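Participant: After the structure tokens below, expect a handful of questions from me.
The values are calculated or read from the model by the stated rules, or taken from the named source; none is laboratory data. A quick note: this is a predicted structure, and the numbers were derived from the prediction, not measured. Glycine gets a Cβ as well: all are built from the backbone with ideal geometry, and neighbour counts include every protein chain shown.
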Amino acid sequence: MAPISTRRHLDFVAERGSASHLQMPSWGGVKPDWRAESLGWSDGAGRLVGAGLVLYRPLPGVRRSLAYLPEGPVIDWHADDLDRWLEPLVAHCRGRGAFAVRVGPRVEARTWDAAAVKAAIADPAVTRLGEAEPTWRDPRAAEVEARLRAARWRPARTGTDGFGAGQPRFVWRLPLGGRVPEDVLRGFSQQWRRNVRKADNAGVKVVRGDAADLPEFHRLYVETARRDGFVPRPAEYFARMWSALTAEDPDRMRLYLASHDGDVLSAATMLTVGGHVWYSYGASTALRREVQPNNAIQWQMMRDACELGASVYDFRGITDTVDASDPHLGLLRFKSGAGGEACENIGEWDFPVNRVLHRALDAYLSRR
């Protein structure tokens, strides 16, 4: 394993067909407070067989960093000799001054289809999705976890609501492989289909924007943050995101805006890497919500994803709550109305290079 060029990193992902957008070289340009490095694993013939984007975040007051590979590295996580992949990664990051290494294996453990999620929500005895019987389970996920524990990796500390530090363990995704938009529409819940028709009949127009439309997106995003009670990212973050991602690939990031009677009511960003499409950020105003601009914008992005030949439309994070009293349940209801499935992965894992500093990190995260 050794540092690789951006070009070699991109070629490897192109050969594989996809990887997380968080593992693309351009993501380093979105995070100016982190130092980015592309790493590659080669076989005996010098052919690249794995790659990863490492982000180094300095710990205040000391000359050490957290080495973080969000949703990566892109390696064979089911390999029997997992140590062969991870030991050189830890050694390299230690040499770069890392006090801990955090990885995000893209290893699926369980899924629940929309019907199973609907049943879990309706069952008063079930408060967490993990308590409901999954539609599918992969026994290999437990084997990966066992190998990580044996190699002295440990589950990373994250928030209890699914939206804490790091990447979400539960996501909602809509499989698109071999489907046309009409198939996707038939998979919507009755409410979703009704809302799509309402938007169309009301004259909601969805168009693609560009960098000049980012301020309008951010205006709606700040309003959304105020309404939903989260801290918004600054406008500069999205400007960097647009600049870095579209420089790597003009179609890596798209911006969509839904308008009605001349007013922009909703906006969303869409990211694409190979056959994987993500709904990344969404924003909306409380004005004229009855014309359903949010459903309209999602429907347009899904149709465009089908046109791109995507295999999956990824709604990103959800919590595992199915408790009617939890305010996050509304987000799960919205995403599950599109059909598809909830997916649980094995979460992020830490290797403490310096246990004292790693405990300090855990203490900090526990207070967030």
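Participant: Looking only at the range 298-331, count how many residues are assigned to a helix (DSSP H, G or I) and modelled with pLDDT under 95.
Facilitator: 3
Participant: Which of (1) more than 19 Å from residue 316 (Cα to Cα); (2) under 18 Å from the mean Cα position of the chain (by Cα); (3) among the hydroxyl-bearing types (Ser, Thr, Tyr) is the odd one out, the single condition residue 269 does not satisfy?
Facilitator: Among (1) more than 19 Å from residue 316 (Cα to Cα); (2) under 18 Å from the mean Cα position of the chain (by Cα); (3) among the hydroxyl-bearing types (Ser, Thr, Tyr), residue 269 violates only (1).
Participant: Residue by residue through the range 318-332, note down the ones that are closer than 25 Å to residue 199 by Cβ and in contact (Cβ under 8 Å) with a residue 40 or more places away in the chain.
Facilitator: 318, 328, 329, 332
Participant: Go over the candidates 342, 338, 296 one by one and state the one that is surrounded by 20 or more Cβ atoms within 10 Å (Cβ to Cβ) and assigned by TED's automatic domain parsing to the domain that holds residue 254.
Facilitator: On inspection, the qualifying residue turns out to be 296.
Participant: Criterion first (part of a strand (DSSP E or B) and over 22 Å from residue 107 (Cα atoms)) does residue 268 satisfy it?
Facilitator: In short, yes.
Participant: Go through 82, 66, 48, 39 for me and flag whichever is under 29 Å from residue 244 (Cα atoms) and touching a residue at least 60 places away in the same chain (Cβ under 8 Å).
Facilitator: 66
Participant: What's the total number of residues in the range 26-52 that are out of contact with any strand residue (DSSP E or B) (no Cβ under 7 Å at 6 or more places or on another chain), closer than 24 Å to residue 251 by Cα and assigned to a loop (DSSP other than H, G, I, E, B)?
Facilitator: Residues flagged as out of contact with any strand residue (DSSP E or B) (no Cβ under 7 Å at 6 or more places or on another chain), closer than 24 Å to residue 251 by Cα and assigned to a loop (DSSP other than H, G, I, E, B) within the range 26-52 amount to 1.
Participant: Among the residues of the range 89-103, is any at negative phi, crowded, with 21+ Cβ neighbours inside 10 Å and among the basic types (Lys, Arg)?
Facilitator: yes
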